[in-house]
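The values are calculated or read from the model by the stated rules, or taken from the named source; none is laboratory data. Predicted model only: the values in this text are computed from it and were never measured. These area figures cover heavy atoms from the full protein model, side chains too; ligands, DNA and RNA do not enter into them. Shrake-Rupley method; radii C 1.70, N 1.55, O 1.52, S 1.80 Å.
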Amino acid sequence: MKNKASFPPQEGETRPSRCPDNSAFKQQKLPAWKPQLTIATVLSSFFLTGAFCLSVGVYLILSTNSVREIQIDYSDKCSDCSKLRENSSNWNKECHCSVNFMLKEDILGDVFMYYGLQNFYQNHRRYVISRSDAQLLGRNVNIQKSYCAPFTTYRNGTPMAPCGAIANSMFNDTIDLFYNLKSSVIQVPLLKTGNSWWTDKNVKFRNPKSYNLSSAFAGTARPPYWQKPVYLLDEEDERNNGYINDDFIIWMRVSAFATFRNLYRRLSRIRQFADGLPAGNYTFRISYNFPVTKFKGRKYVILSTVVWSGGSNPFLGIAYVVSGAAATLTGFVITAIHLKLRKKKAHFQK
């Protein structure tokens with residue numbers, strides 16, 4: 001391809017100047033600072049960074065070790081219910097099981113109950129995008145144009161609310177905790193609201209506007225794997241129904257790993273549980289609805305306290321310790337190399 005010929009400007013024409021403006025920024029006249037790296041500044045940077053990371057890491061590990069946690073796998077202990085749930089035709093049959101355990105010491109402070117799943121992959125791309133954010137905001141949208149397929153409508157054209165694979169696979173076991181005394185059995189009071197993120201509860205999820213929820217979801221149907229419609233998720237609290245149900249919101253925030261836990265309940269610190277969970281015998285009574293055998297999964301229920309840095313995961317503390325050790329070791333290596341080179345230089349100068 002030939003270059004276009006350049007012609008000088010004709011009379012009366014002015015060619016725009018391509019020179020940058022005569023400003024300090026465009027003429028690169030701004031003051032600049034160039035650090036002078038010396039052996040003292042380099043070594044002090046490595047050693048200070050190492051000391052800081054080691055200190056923070058040790059503090060995080062000690063803080064994490066103070067977390068009290070008990071984890072119970074109830075996959076095999078509820079084997080009869082598990083076999084019942086493997087047959088999809090038994091979806092409307094209730095099945096309950098109990099798991100007994102003992103707390104040898106008091107768990108003081110705020111206590112959180114989690115459910116855990118193992119070998120459940122929520123990070124598949126088709127699964128992650130299988131939702132309609134516009135529908136979850138309470139808008140009247142055509143979900144056929146969303147990524148919810150095949151969980152969009154039934155054969156008769158009735159749309160699903162909520163649509164998508166994430167909502168359809170929502171964890172639906174019901175877990176209650178009981179404190180066993182010699183003379184009586186006391187149900188431990190648990191809070192099922194206030195467990196989701198504020199931004200999710202008030203920004204990302206909203207119910208359709210109507211004078212009541214049943215009319216708001218008129219003309220829709222529950223997802224295939226659900227036992228009741230979305231506006232009856234919490235029959236005891238109308239403010240915790242529909243798309244703003246805490247359990248539903250927490251489930252819709254998918255996990256990056258195949259083994260994960262989600263917050264299920266919080267201890268209501270009243271009466272004999274004002275200080276936490278006292279030592280003694282307890283029972284989990286579980287309404288078993290979520291099958292895991294087909295994908296070789298496991299189910300857990302976890303009771304745990306938290307500290308300022310989070311739960312019992314020591315990863316962050318270990319990461320700080322490893323980083324601090326690496327920075328400190330690098331500092332010693334550079335020191336050894338510097339001393340060796342200085343000694344060799346002094347030898348040749350003699």
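Computed quantities for the displayed model
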{"quantity": "Accessible surface, per residue, of the range 72-305 when the full set of protein chains is kept, probe 1.4 Å, Å²", "calculated": "54 Å²"}
{"quantity": "Rg ratio (alpha-carbon, reference 2.2 N^0.38 Å) - the range 185-341", "calculated": "1.57"}
{"quantity": "Area of Thr41 that stays accessible when all protein chains are in place (1.4 Å probe, Å², to 10)", "calculated": "60 Å²"}
{"quantity": "The chain - mean residue ellipticity at 222 nm from DSSP helices (-39,500 (n - 2.57) per run, n ≥ 4, rounded to 500)", "calculated": "-8000 deg cm²/dmol"}
{"quantity": "³J(HN,Hα) computed for each position of the range 156-166 - Karplus, 6.51 cos²θ - 1.76 cosθ + 1.60, integer Hz, glycine/proline x", "calculated": "7, x, 6, x, 8, 9, x, 9, x, 6, 5"}
{"quantity": "Normalised convex hull volume, the chain, alpha-carbon set, Å³ per residue", "calculated": "385 Å³"}
{"quantity": "Centre separation in Å (Cα based) which lies between the range 17-55 and the range 279-350", "calculated": "32 Å"}
{"quantity": "³J(HN,Hα) computed for each position of the range 236-248 - Karplus, 6.51 cos²θ - 1.76 cosθ + 1.60, integer Hz, glycine/proline x", "calculated": "8, 9, 5, 6, 10, 10, x, 6, 9, 5, 4, 4, 5"}
{"quantity": "Long-range amide H partners of Ile107 with built H, under 5 Å", "calculated": "Leu277, Ala279"}
{"quantity": "Debye equation applied to the C-alpha atoms of the range 39-97, log10 I(q)/I(0) at 0.14, 0.26 Å⁻¹", "calculated": "-0.63, -1.01"}
{"quantity": "Of Lys34/Lys344; Lys192/Lys228; Lys77/Lys294; Lys192/Lys296; Lys145/Lys299; Lys192/Lys299, those spanning more than 24 Å from alpha-carbon to alpha-carbon", "calculated": "Lys34/Lys344; Lys192/Lys296; Lys145/Lys299"}
{"quantity": "³J(HN,Hα) computed for each position of the range 190-207 - Karplus, 6.51 cos²θ - 1.76 cosθ + 1.60, integer Hz, glycine/proline x", "calculated": "10, 9, 10, 10, x, 9, 8, 5, 4, 5, 5, 5, 10, 10, 7, 10, 8, 8"}
{"quantity": "Proximal aspartates and glutamates relative to Lys29, as straight alpha-carbon distance under 19 Å, when same-chain residues fewer than 8 apart are discounted", "calculated": "Asp21"}
{"quantity": "Within the accessible area of the range 72-305 (1.4 Å probe), percent carbon and sulfur", "calculated": "50 percent"}
{"quantity": "Under the span-like rule (Cα at least 20 Å along the axis, Kyte-Doolittle mean at least -1.0), DSSP H helices of the chain", "calculated": "39-65, 315-349"}
